[in-house]
Amino acid sequence: MLADNGKGVDFADKNKILEQKDETPDGTNRVPDNETLENKIPERELFKRAMIERHSAKMHEKLQNASVGVAGLGGLGSNVAMALARAGIGSLVICDFDHVELTNLNRQNYYIRHIGHKKTSATLEILKQINPYINYRIHDLYLNSSNYGKVFKDCDIIVEAFDNPECKAELVNWVLLNTDKTVVAASGLAGYGFSNKITTKKIRERFYLVGDLVSSVREGQTLMAPRVGVAANHQADCVISLIMNQEERASC
Amino acid sequence: MIINGIKQEVDDKNITDLLKTLNLSEDMVVVEVNGHIVEKALYQTFQLEQSHVVEIVSFIGGG
């Protein structure tokens, strides 16, 4: 049953606007400039009604009130952030120090036009086109225990989405030792196949771990979009389950 | 000592030694003893006992 108020959502006028093509004279697509983009963005109320139609009013409200941090915007973080933006999380804090490179496109949620751009601003550009009414905060910095506290101050849940195992351990230890926040981390997602081995485990209170816990990057086993995407979406799904107070769903 | 749910005969006196025995890097782990997370700075001095229940998560790179 839909929790909409019964009126339904009238997209007719908006669709007309959304159908406008962004083409250059030679027929290639161009990135819409901010002004064009502004004109196309559905109004806040329309957006809200669409989200409620999909998620129900109760769920939308809970998601809207949540604040989630994403630490790292590589294969995991760029995909986690996208899933959480689509879910309509109220506040998203996204952090990375790096730039988009050509070698990232095999698995990370970026496009050719983002090569050379900061991952934070590239992610923000994408997320704003998915949901412009989220409170986004971006931090273009190298995260470590000297700045976690400031960056994730208002976050209830932190998604550990680093590449480096030492950074992963440092963040998880910091969350568990210094805060009352929950951390959803990932470990073991390289290669292809055996995707059903990627699970979400509750390790202890406030610590969930996604992955197969064994697959490392080595010769003949690299990071690829499908398996990294499976893990990223496990993380995002765990976050949503926690926000919905459905802890038993978070690690099943 | 129970390590990750399995009873094991180890005579390591502290966490640093235990991690060496298990061939794990102390920079890539989260260690819990009897339900409490132990911070890295205390791995050397934390005295392990046979009655302890130890949980270790060792992270693998990739993201």
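Values in this text are rule-based calculations from the coordinates and carry no lab data. All figures in this text were calculated on a predicted structure; none of them were measured in a lab. Quick reminder, even Gly has a Cβ in these numbers, built from the backbone with ideal geometry, and neighbours come from all protein chains shown.
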Checklist line | Helical contribution to [θ] at 222 nm, DSSP H n ≥ 4, -39,500 (n - 2.57), averaged over the protein assembly as shown, rounded to 500 | finding: -10000 deg cm²/dmol
Next item on the list: Count the net charge of all other residues whose Cβ sits under 13 Å from the Cβ of residue B:52, scoring Lys and Arg as +1 and Asp and Glu as -1.
Entry: -3
Item checked: Mean Cβ count within 10 Å, highest first, over the residues of peptides A:243-251, A:67-75, A:47-55 -> A:67-75, A:47-55, A:243-251
Notebook entry, point to check: Under a Cβ-Cβ cut-off of 15 Å, what is the net charge of the residues other than residue B:4 that fall near it, where Lys and Arg count +1 and Asp and Glu count -1?
Noted result: 0
Checklist line | Fraction of beta bridges assigned by DSSP in the protein assembly as shown that are antiparallel (%, nearest 5) | finding: 45 percent
Note to self: Suppose we keep just the DSSP beta bridges with both residues in segment A:107-252; what percent of those would be antiparallel, to 5?
What the structure shows: 45 percent
Checklist line | Semi-axis lengths, Å, segment A:188-241, gyration tensor of Cα atoms, sqrt of 5 times eigenvalues | finding: 21, 12, 8
Next item on the list: For a footprinting-style exposure proxy, rank A:40, A:119 by other Cβ within 10 Å, fewest first.
Entry: A:40, A:119
Note to self: Inside 10 Å of the C-beta atoms of B:38-50, what's the mean count of C-beta atoms belonging to other chains?
What the structure shows: 1
Check: When Cβ neighbours within 10 Å are restricted to other protein chains, what is their mean count per residue of peptide A:222-232?
Finding: 1
Item checked: Restraint check, A:58/A:201; A:48/A:119; B:20/B:40, Cα-Cα greater than 24 Å -> A:58/A:201; A:48/A:119
Margin query: Counting only other chains, and only Cβ atoms inside 10 Å, what mean value do you get across the residues of B:23-35?
Written below: 4
Check: How many percent of all Cα-Cα pairs in segment A:111-162 sit more than 13 Å apart?
Finding: 67 percent
